[in-house]
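Student: Just passing along the structure, written as structure tokens.
The values are calculated or read from the model by the stated rules, or taken from the named source; none is laboratory data. Small disclaimer: the values here were computed from a predicted structure and weren't measured. Because the Cβ atoms are built from the backbone with ideal geometry, glycine has one as well, and the counts that use them run over all protein chains shown.
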Amino acid sequence: MDVLLALILSCSVHLDDHLVEALATTLSVSNQYFVGDLSTLDTYDNAHSVAEARKVVAAIIKRGGRPAVGYLAVPVAWAARFGRTTDDLFDGCVNIGIATAMLSEYDDACSARPDRRPRPQRQRRPRSHRVASHAHRSCILRRLEFDLDITGLPEHVLPEIAKLDARPRDPDVDPPPARSPAFPDSSDTSRVHETTDWSNPRLYLSTPPNLSARSR
């Protein structure tokens, strides 16, 4: 079992493991120290430590950008909401925990019906039986892209989820993860796009030379 999947199974509070896995591969190419700018969709994949990634975050904020970091590209603005610091977001479990807490909120909103009365206590369903519909996953992703102020998440993430859903079960994983797909490859060479649109092969663009993790 790889590190990302182990973290998802251990730290995710959202029951659709495939959706979480797909987002991680789509947004950060499963990079713990990933930094992206939601304003420009530039990506910074060269950091190898919290200290290096912190410098990139500071540079993005200085120029008026909106940094998002870690496996699930959590906006740094969300950290305080959960009593965390920006550095905490580079911890894989914290990053996945915060992101999936938000996904669970979207899940509840997408599941709500006008005639449904709130239950006094929510009961957690078994992970192994969590299979979300295409429409429900799309609803969750639409809510996420609204909060991130970007477009195209469902169009890029849902096909990856379908690949994960079709993947044979891993007999060594118990319960079997309900994983969903993410992005194409681990390259950082997508075409430059002037709008916040997910029509690129990857959400974020290539690393601008003046903002690498090792720049001073």
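Student: Which residue out of Asp87, Asp16, Asp37 is farther than 24 Å from Ala166 by Cβ, of a type outside the set (Ser, Thr, Tyr), touching a Lys or Arg at 6+ places or on another chain (Cβ under 7 Å) and surrounded by 23 or more Cβ atoms within 10 Å (Cβ to Cβ)? Step through it out loud before you land on a result.
Tutor: Working: Asp87 fails: surrounded by 23 or more Cβ atoms within 10 Å (Cβ to Cβ); Asp16 fails: farther than 24 Å from Ala166 by Cβ.
Unique residue meeting the criteria: Asp37.
Student: With the condition kept exactly as written, say whether any residue in region 6-29 is free of Cβ contacts under 8 Å to residues at least 24 places away in the same chain and at negative phi. If you could, list the steps in order and put the result at the bottom.
Tutor: Pass one, region 6-29, residues free of Cβ contacts under 8 Å to residues at least 24 places away in the same chain: 6.
Of the ones still in play, those that are also at negative phi are 6.
Scanning region 6-29, I find at least one residue that is free of Cβ contacts under 8 Å to residues at least 24 places away in the same chain and at negative phi, so the answer is yes.
Student: For region 1-110, which helices (runs of 4 or more DSSP H) that fit wholly inside it have 3 or more residues that are of a type in the set (Val, Ile, Thr) and modelled with pLDDT of 95 or more?
Tutor: Numbers: elements: 3-11, 17-27, 50-62.
Ranges flagged: 50-62.
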